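Comments concern the structure below.
The values are calculated or read from the model by the stated rules, or taken from the named source; none is laboratory data. No experiment lies behind these values; they were computed from the predicted model shown. Note: ideal-geometry Cβ built from the backbone for every residue, glycine included; neighbour counts use all protein chains shown.
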Amino acid sequence: MFDAEVAFEPGSVVSTGVHSVRRTNMHRHPNALEIVYVLRGGLHIKVSCEEFELQEGDYAVLNRGDPHALTGSEDNVTALIHVDLAACRDIDPYVEHIIFACESFDLARYRKQEAVLRGLILDLIDSPPATARQRCRELVSLLCNGYSLENYYNRTVTLSSAQREKYLAITQFLREHAAQRDVLGLLATEHHYSKSYVSHFVKEASAISFSDLVGYIRVAMAENLLLSTDATMLEIAASCGFSDVKYFTRAFVDWFHQSPADYRKRYLPETQRDPEITVVSAQSAQSMASEHRQRVAAPGDGPRLSVTPLLLKNLGSRLDLFEAVRTRDSDADSYGGPDEQSGPIHLIPIRVTKSDLDSGYTMDGLASFRQVRATPCLVLDYTTVAATLDLVTAVVRRLESSPDLQVVMWLAYNAFHDRQGVDEVVARAKSDHLIDIQPIMMP
């Protein structure tokens, strides 16, 4: 069943269960936010247009109403926690309209709050109802005030309370009126802003363009209709605010990397499959939760960015996200990743310097590009023959730890008189490391 309503106990804001997850159907929770915590093994999550690989001790927040499917390793045990956001309006009046963005290995680790959040989540697993209710409210408050979409992509900026309220009011309006064609004009009129002010404010507050924010909300609406109705593409396009089917298809492909028709063909059958999931005894669940409390000490690993479609759409202007992660102080095995798709794999250029290699965060995140069918293209800047060869050697050594990772390397230079040195570097890279580097002149 696609719609999986969560039955909350009277007076409760949270429902928790611990399960051995082999595979779920594609489903959504119209009335609940879901928090997934891996107690043992590994877990692959497909949620809307994103995919994550979670390892033991990792957790992720899945937004209310987002279609998702879970695939676990043979030894998987996962806590599935559902939160009734409607019962949390007194915590934040916009709680039902916030687009949450929280994975343990990314923003939570960057903010150095991974352990705090883990402790609160574990309290939801093995605490009595009264304690769980209080911990849930603390957790929701923390998520509301630091783990929403604008916090993820603009993590170096802190919005004032007035700015945050304005941004969330805009988000609420968009989610309620995205089906309207001129939603920007309607929003500007409703809030007495100019269109240019709205666009500028959204970009400044969230580092996301207004058009991308609206596009994301609209394709999310469309995804739900594709999986829950037999509406035609024309009907879905019209009901989600797209001017025509061609524009709808182009926007959907931008986010999901396949056409709406192909997406429906692929995932609609997944909504009807029988889940392979079994309940774990309360005693075993409490034992594992107790073991995980030893992880509450802050981990030594650095954060790793989730390479999301929105990040790729804004890659040119959002490379500072990698820089932000680098200044703060993995590939994961797959348990059911995306199906192979036909068509070319596109290049995503990433400039690599010696400091990138020293910190490791940019290089460690390269494997995530597989999920969007893109090949990282490492761009090295030519300086001198000796220095550039040292950089090439360092890159090759870092890549040796991930032999299955496919990358392309470019060597950029900006003057004709550098060509002889560039050619020498390319030749030495071929003879010493058996790699091909493409020289690129960028005046």
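Which of the residues spanning region 30-45 are surrounded by fewer than 21 Cβ atoms within 10 Å (Cβ to Cβ) and either within 23 Å of residue 136 (Cα to Cα) or basic (Lys, Arg) (or both)? Working first, answer last.
We begin by selecting, within region 30-45, every residue surrounded by fewer than 21 Cβ atoms within 10 Å (Cβ to Cβ); these are 30-31, 40-41.
30, 31, 40 - these are the residues of region 30-45 that are surrounded by fewer than 21 Cβ atoms within 10 Å (Cβ to Cβ) and either within 23 Å of residue 136 (Cα to Cα) or basic (Lys, Arg) (or both).
Consider residue 379 carefully, then state whether it is at pLDDT 85 or above, under 25 Å from the mean Cα position of the chain (by Cα) and surrounded by 13 or more Cβ atoms within 10 Å (Cβ to Cβ). Please lay out each step first, then the result.
Details: at pLDDT 85 or above: yes; under 25 Å from the mean Cα position of the chain (by Cα): yes; surrounded by 13 or more Cβ atoms within 10 Å (Cβ to Cβ): yes.
In short, yes.
Just give me the residues in region 266-288 being within 30 Å of residue 256 (Cα to Cα) and either small (Gly, Ala, Ser) or part of a helix (DSSP H, G or I) (or both), in sequence order.
To start, the set of residues in region 266-288 that are within 30 Å of residue 256 (Cα to Cα) comprises 266-277.
Across region 266-288, the qualifying residues are 266, 267, 269, 270, 271.
Please find, among 368, 355, the residue that is modelled with pLDDT under 90, crowded, with 17+ Cβ neighbours inside 10 Å and assigned to a helix (DSSP H, G or I). I'd like the intermediate steps shown before the answer.
Details: 355 fails: crowded, with 17+ Cβ neighbours inside 10 Å.
Result: 368 is the single residue among 368, 355 that is modelled with pLDDT under 90, crowded, with 17+ Cβ neighbours inside 10 Å and assigned to a helix (DSSP H, G or I).
Could you identify the single residue in 120, 168 that is in the same structural domain as residue 247 (by TED's automatic domain parsing) and either in a helix (DSSP H, G or I) or out of contact with any strand residue (DSSP E or B) (no Cβ under 8 Å at 6 or more places or on another chain) (or both)?
Details: 120 fails: in the same structural domain as residue 247 (by TED's automatic domain parsing).
Unique residue meeting the criteria: 168.
Of all the residues that make up region 244-259, how many are within 12 Å of residue 218 (Cα to Cα) and more than 24 Å from the chain's Cα centre (by Cα)?
1
What tally of residues in region 408-441 results from selecting those that are more than 18 Å from residue 387 (Cβ to Cβ) and at pLDDT below 85?
Here the count works out to 1.
Any residue at all in region 44-59 that is under 19 Å from residue 131 (Cα atoms) and either aromatic (Phe, Trp, Tyr) or touching a Gly at 6+ places or on another chain (Cβ under 6 Å) (or both)? It would help to see each step written out before you state the result.
Within region 44-59, the subset under 19 Å from residue 131 (Cα atoms) is none.
Taking every residue of region 44-59 in turn, none turns out to be under 19 Å from residue 131 (Cα atoms) and either aromatic (Phe, Trp, Tyr) or touching a Gly at 6+ places or on another chain (Cβ under 6 Å) (or both).
Given the criterion aliphatic (A, V, I, L, M), at pLDDT 95 or above and not in a strand (DSSP E or B), identify the matching residue among 115, 108, 86, 130.
On the way: 115 fails: at pLDDT 95 or above; 108 fails: at pLDDT 95 or above; 130 fails: at pLDDT 95 or above.
Criteria check complete, one pass: 86.
It is to be established whether one or more residues within region 205-221 are within 24 Å of residue 37 (Cα to Cα), in contact with a Leu (Cβ under 9 Å, 6 or more places away or on another chain), not polar (S, T, N, Q) and not in a helix (DSSP H, G or I).
No - not one qualifying residue is present in region 205-221.
Just one of the numbered conditions (1) basic (Lys, Arg); (2) over 30 Å from residue 82 (Cβ atoms); (3) surrounded by 13 or more Cβ atoms within 10 Å (Cβ to Cβ) is not true of residue 164; which one?
(2)
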